[in-house]
Amino acid sequence: MSKRLQVLLTDRDMADIQRLAKRERLTVGEWVRRTLREARACRPASEPEIKLKAVRRAAAYSFPTADLGRMLDEIERGYQG
């Protein structure tokens, strides 16, 4: 379902948006929708605190690890049997 959004702009802001939309051969509405999608895509999907909590929880574990080259060699040997 679509929703309507009303945004009040100054005359100058509206003129600037109209000019930008025209330059890209878009309607003002489509230009605004694309710009909002781009802005939303640049934002993190979750709050930083949630990510930090997950990193801290993972850091509490001590998993075996090795040099990257050695791990890749071991993986390759595992594929070869």
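The values are calculated or read from the model by the stated rules, or taken from the named source; none is laboratory data. This structure is a prediction, so every number in the text was calculated from the model and none was measured. Virtual Cβ from ideal backbone geometry, glycine too; neighbours counted across all protein chains shown.
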* To do: Give the residues of segment 60-70 that are modelled with pLDDT of 90 or more and among the hydrophobic types (A, V, I, L, M, F, W, C), sorted by residue number.
  => A60, L68
* To do: State whether the residues of segment 71-81 include one that is hydroxyl-bearing (S, T, Y) and either assigned to a helix (DSSP H, G or I) or touching a strand residue (DSSP E or B) at 6+ places or on another chain (Cβ under 7 Å) (or both).
  => yes
* What helices (runs of 4 or more DSSP H), lying completely within segment 1-65, carry at least 2 residues that are over 23 Å from the mean Cα position of the chain (by Cα) and surrounded by 10 or more Cβ atoms within 10 Å (Cβ to Cβ)? -> 11-23
* Asked: If the Cβ limit is 8 Å and pairs must be 6+ apart or interchain, which residue in segment 23-43 that is more than 17 Å from S2 (Cα to Cα) pairs with which residue that is of a type in the set (K, R)?
  -> L26/R34
